[in-house]
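Worksheet for the structure shown next.
We did not get these values from a lab; they are worked out from the coordinates using the rules stated. Being a predicted model, the structure only gives us computed values, none of them experimental. Every residue, glycine among them, receives a Cβ derived from its backbone with ideal geometry; neighbour counts consider all protein chains shown.
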Amino acid sequence: MLFRSFLLLFFLALTLSAAEPTTHIYKKAGERELKLSIVNPPDWKISDQRPAMVFFHGGGWVGGGPTQFTQHSDYLATRGMVCIQVEYRLIAKGDQGAPIDCVHDAKSAMRWVRGHAEELGIDPKRIGAGGGSAGGHLAAFVGMVEGLDDPQDDVKISPRANALVLFNPVFDNGPDQGWGYARVGERFKEFSPAHNISADDPPAIIFLGTQDKLIPVAVVERFKANMEKAGVRCEAIFYEGQGHGFFNPGKGGKMQFYYETLLATDKFLASLGWLKGEPTLPKPAEP
């Protein structure tokens with residue numbers, strides 16, 4: 001009970017100055033309308049040229065929901081960013097196929113945001129992508145991988161992210177310790193950001209627990225080394241003894257790693273010139 005009360009007060013401190021989110025339909029897939037939620041800074045105006053962060057939720061491409069990064073969005077909005085959370089189609093239960101709809105929707109969402117940048121008060125050259133686990137894969141995918149565009153997309157609009165914030169991402173889908181290879185098989189190079197590294201990739205920061213059962217530390221270290229070899233900035237921060245999903249607020253009854261990873265995200269974005277001033281994230285006092 002004490003922890004729940006503390007958690008409520010902690011999030012209340014973040015959201016008091018954040019604007020109410022608005023919902024937009026970014027595309028139709030058959031009869032289904034796919035939506036994204038946008039939260040603006042409290043002093044936002046349409047003439048702004050704000051940096052933006054587009055978040056994709058985790059869930060192995062088969063589950064999860066777009067509110068995973070609500071607290072991250074609320075905080076970054078108070079720091080001056082426009083933050084977007086994306087609903088995307090999931091792989092149906094029992095379907096063993098590749099996440100084609102997921103990557104189609106991720107690229108469509110990025111194109112919608114960039115295509116509407118002027119009315120959203122966003123700088124189209126400062127649109128980042130973030131996500132956790134399978135959402136981290138989608139964030140890296142839109143920043144790094146060519147192809148697999150939805151046929152209905154306007155491909156003249158770039159879906160490429162300008163910065164990546166990746167929380168235990170499954171961005172290596174290959175046969176050497178990668179995750180998702182069972183789904184993508186020999187097509188892994190079409191889906192796997194780790195196999196599409198190039199010199200024009202965006203700067204990235206990665207967060208991983210050393211006890212993650214899905215993503216070995218060696219996979220992230222290899223990704224980082226290959227990014228740096230290509231001349232791309234890539235930071236990786238490892239959290240001793242932590243498992244998959246450790247960064248989520250309240251995970252394991254703690255706020256420590258949510259705080260630490262979001263604080264590092266703030267500093268990373270500030271180093272790109274996207275945020276100004278010192279971080280304002282309140283430090284949690286563990287009950």
Problem set entry | Theoretical ellipticity at 222 nm over the chain - DSSP helices of four or more residues, -39500 (n - 2.57) apiece, nearest 500 | -9500 deg cm²/dmol
Exercise. For the chain, what value does the Rg/Rh ratio take when both radii are computed over Cα atoms and Rh is the Kirkwood radius, given to two decimals?
Worked result: 0.94
Problem set entry | Of K45/K229; K156/K251; K107/K224; K27/K224, those spanning more than 31 Å from alpha-carbon to alpha-carbon | K45/K229; K156/K251; K27/K224
Problem set entry | Gaussian network model of the chain, springs between alpha carbon atoms under 10 Å - residue of N196, N40, N168 with greatest fluctuation | N196
For this session: Can you grab the distance from the C-alpha centre of the range 251-287 to the C-alpha centre of the range 67-122, Å, no decimals?
Result: 21
For this session: Under 13 Å from the Cβ of V103, count the other residues' Cβ atoms, weight Lys and Arg +1, Asp and Glu -1, and hand me the total.
Result: -2
